[in-house]
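Encoded as structure tokens, the structure appears first; notes follow it.
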Amino acid sequence: MGTLALVTDAVSLPLDHDMPPLLAACDTVGLAAEVCHWDDGAVDWSRFEAVLFRSPWTWADRRAEFLDFCDRVSRVTRLLTPPPLVRWALDKRYLAELAAAGVPVVPTTIVEPGAAALPAVRDFLATHPRAAGFVVKPNDACYSKNVRRFAASEGEEAARHIGWLLADGSHAVLQPYVESVDRHGETDLTFFDGVYSHAIRKGAMLLPDGTVHVPTLDFRTARAADEDERAVGAAALAAAAAAVGLDRPLVCGRVDLLRGPDGTPMVLEMELCEPSLNLDFGPDSALRLAEVLADRLTSPGA
Ligand SMILES: Nc1ncnc2c1ncn2[C@@H]1O[C@H](COP(=O)(O)OP(=O)(O)O)[C@@H](O)[C@H]1O
Ligand SMILES: [Mg+2]
């Protein structure tokens, strides 16, 4: 069996709580794994049997460079998240595709660059008259960056934020604020090879006073996902794989769910490129992931 590259970067590695247990688990199953930085020009990627993105999170400020890197690496070795999947997964417009495929998602309106922001907000509020406020976020960011919550009465402030996102080259994603998050939190499910492994509860990140938290460990606790949540998570993963033409399930991925007003689990987002997997919250989960990885390295295909 060849060597696996676990990809991160110097800024993100200290924040990657999954890396230590994953390295230990790779060692336990006899899988040679090396930590590499995606922006280290000295790495010869062709010497790896396969490459798994773990925490190359500085991509968020260097998107084009990161996508070039994905293309380059995929030409010389097996990238376990192929470039079409990376492009799909790093753009929240996939929520519309999931909805079209019949997967329940948080109601989502996309505002395109060039659109007038205030009329878009008014249309959105007319479509969701009972919304307890709403959320505006960019299609292409992560870690709560530039995510903002507004009251229904704050249409003009929201339009300014949308205008700013559009001028910055993003699409704006508008969603009703899903109130259950305040009582119940969100449920983030980790899957390996298409199979549910474990989940966490993540507390609400957006406070009514405009405070935006980032999802540090303090906001996470272990939680067993319910059957209906597992089913929606699996359906979302299957729809994603179909959308980009994968012929087998992803090695690992995370699906984040909120319960709607009628209790239905809805996809808030999916992390399929370089997800935090919350391995510390799932007993033996690092070992299960290492076993899936060892299996992939000895079998053909992505
Ligand atoms: N529609 C929504 N209703 C309630 N809370 C939301 C909504 N959208 C986002 N949030 C909150 O903001 C956080 C960050 O938003 P998310 O869509 O997960 O983007 P990202 O994690 O990529 O920044 C979520 O964890 C959640 O607490
Ligand atoms: Mg999130």
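So the values come out like this:
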quantity	calculated
Complete set of residues in the stretch 145-169 that are within 16 Å of ligand 2 (Cβ to nearest atom) and not in a strand (DSSP E or B)	LYS145, ASN146, VAL147
From VAL51, VAL11, VAL29, residue being open to solvent by less than 10 Å² (accessible area, probe 1.4 Å) and in contact (Cβ under 8 Å) with a residue 12 or more places away in the chain	VAL51
Flag if ASP61 is under 28 Å from SER144 (Cα atoms) and of a type outside the set (Lys, Arg)	yes
The stretch 150-208 - residue that is farther than 12 Å from LEU258 by Cα and of a type in the set (Ser, Thr, Tyr) and, of those, most open to solvent (accessible area, probe 1.4 Å)	SER153
ALA120 being over 22 Å from VAL86 (Cα atoms), part of a helix (DSSP H, G or I) and in contact with a helix residue (DSSP H, G or I) (Cβ under 6 Å, 6 or more places away or on another chain)	no
Check on PRO176, within 21 Å of HIS128 (Cβ to Cβ), at pLDDT below 95 and in contact with a strand residue (DSSP E or B) (Cβ under 9 Å, 6 or more places away or on another chain)	no
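The values are calculated or read from the model by the stated rules, or taken from the named source; none is laboratory data. What you are looking at is a predicted structure, and each value in this text was computed from that prediction instead of being measured. Cβ atoms come from the backbone with ideal geometry, glycine included; neighbour counts cover every protein chain shown. With ligands, DNA and RNA removed, areas are computed over all heavy atoms of the protein, side chains included. Shrake-Rupley method; radii C 1.70, N 1.55, O 1.52, S 1.80 Å.
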